[in-house]
Amino acid sequence: MLNQMHICNPQFHRLHLSYIKLTNFRNYKEQDISFCEGLNILSGPNGAGKTNLLEAVNYLCLTKGYFHTGDLGAVNFNEDFFRLQGNFISENRTESISLAFQSGTPKLLKHDEILYEKLADHIGKFPLVVIAPDDIVLILDGSEERRKWLDNTISQVNRLYLDDLMQYNRVLMQRNALLKQWYAGQSRDEDLMNVIDEQLANLGAQIYEERKASLKILIPLLNQHYAFISDAHEAALMKYDSLLNENDFAKSLLANREKDMILQRTTAGIHRDDLDFQLNEMSIKKFGSQGQKKSFLIALKLAQFDFIAKKKNETPLLLLDDIFDKLDQHRSEKLLTDAASKNRGQVFITCTEWKQKIKTDKQLRHFKIESGFIK
């Protein structure tokens, strides 16, 4: 049934992290560990460092943390730097990644000892998907969280999209700065604003089209996974809410120019897009039960996994942080069955105590973690 449920298949390349070394990273002074290609179980009491280890994996893949913000907070107490090193294997080729951060200096990232000029060049080389309890913000919080999730998903498979997104944000900052100058009474350069609006409209249109195309793939996957996880008959959907659905971006920028000057910010654009998560065309944020929301989030992340795997022809790493303690037995069994399938590639699972009995023909290793030490 799992093979019918999602599009991942054994023909995809199997990316896995074979080795990691942490130096002065959170509660780890110095620790190295070798992982298996299948299920890696990290168990231990709260505060032992299980999530910190997943955070280190996220840094190596995406150059930043997932569970906390700020690099300085990732440095071990009484130290001023951290360093991470990892070996990734795909298609029988080993690639080494090292990332170092010291207080007051930019992060340094190396791929096979070659220093990246821009950290963004690394995004997508080693894709991953994280499922964690705090992901509930995707449903409960504002539109920024949902845009970030969609942008993260697409950026891991489409470098041009990431470039357009970064350029869009730079031009948006220029426009907002010019609006503030106008509001402060400085001379108005309409020609400069016209140039900026044209750039913003062109970039916005490209980002909008890529988001639409990606959602056409993601929505059916979301619906399939929701049905499997919940055993429900509701249709799980994502409705794309964007100005560009019905309006010309360039015309909207021009029409809003005076209002934007008063507000000192750009009020229309793809930076205000949103996703409306729905069950049977009703907002899950407003009307969904706790169980429906949990099922939806899991389905959303598994759809993200399948989308990335299909686009890259390679399975991402899958990180499940303390998720089973927050789910009822039925949903836990469903998610664990999915994680144990061959289609998922390498999976990392954190838990306080591992008592699960699962059937899997994947490799399985169990690590016990206590106060930053791994047994």
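The values are calculated or read from the model by the stated rules, or taken from the named source; none is laboratory data. All values reported here derive from a predicted model rather than from experimental measurement. Neighbour counts are summed over all protein chains in view; Cβ atoms, including those assigned to glycine, are modelled from backbone coordinates with ideal geometry. Accessible surface is based on the protein model in full, side chains and every heavy atom, while ligands, DNA and RNA are left aside. Shrake-Rupley method; radii C 1.70, N 1.55, O 1.52, S 1.80 Å.
Numbers at a glance
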| quantity | calculated |
| --- | --- |
| Percent RCO, i.e. relative contact order, over the stretch 177-305, from Cα pairs under 8 Å lying at least 6 residues apart | 33 percent |
| HN-Hα J in Hz across the stretch 252-265 - Karplus 6.51, -1.76, 1.60, θ = phi - 60°, x for Gly and Pro | 5, 4, 5, 5, 8, 4, 5, 4, 4, 5, 5, 7, 6, 7 |
| Antiparallel DSSP beta bridges within the chain, as percent of all bridges there, nearest 5 | 65 percent |
| Other-chain or far-sequence residues with amide H under 5 Å of Leu317's (modelled H) | Leu128, Val129 |
| Accessible-area value, Phe67, 1.4 Å probe, nucleic acids and ligands omitted, Å² | 50 Å² |
| Sequence-distant residues sharing a close amide H with Glu370 (under 5 Å, placed H) | Lys375 |
| Residues Phe373 and Arg265, FRET efficiency given R0 of 45 Å [Cβ-Cβ distance, rounded to 0.05] | 0.40 |
| The chain - mean residue ellipticity at 222 nm from DSSP helices (-39,500 (n - 2.57) per run, n ≥ 4, rounded to 500) | -13000 deg cm²/dmol |
| Contact order relative to length of the stretch 221-276, as percent, for alpha carbon pairs under 8 angstrom and 6 or more apart | 40 percent |
| Å² per residue, accessible surface of the chain at 1.4 Å | 47 Å² |
| Computed magnitude of the charge dipole of the chain (debye, nearest 20; Cβ of K, R +1, Cβ of D, E -1) | 820 debye |
| Charge dipole of the stretch 279-375 about the Cα centre (unit charges at C-beta), most positive-ward option of Leu327, Phe296, Ile374 | Phe296 |
| Percent RCO, i.e. relative contact order, over the chain, from Cα pairs under 8 Å lying at least 6 residues apart | 28 percent |
| Most fluctuating residue given options Lys294, Lys362, Lys326, as computed from a GNM of the chain linking Cα atoms under 10 Å | Lys326 |
| Cα-based radius of gyration of the stretch 209-293 once divided by 2.2 N^0.38 Å, which approximates compact folds | 1.42 |
| Signed unit charges on C-beta, dipole axis of the chain, positive-most listed residue Gly104, Tyr183, Gly86 | Gly86 |
| Protein accessible area in the chain, 1.4 Å probe - carbon and sulfur % | 49 percent |
| Signed unit charges on C-beta, dipole axis of the chain, positive-most listed residue Thr267, Asn245, Pro127 | Pro127 |
| Accessible surface of Ile33 - all protein chains present, 1.4 Å probe, nearest 10 Å² | 10 Å² |
| Over 22 Å between alpha carbons, listed pairs Lys148/Lys285; Lys64/Lys212; Lys212/Lys310; Lys334/Lys362 | Lys64/Lys212 |
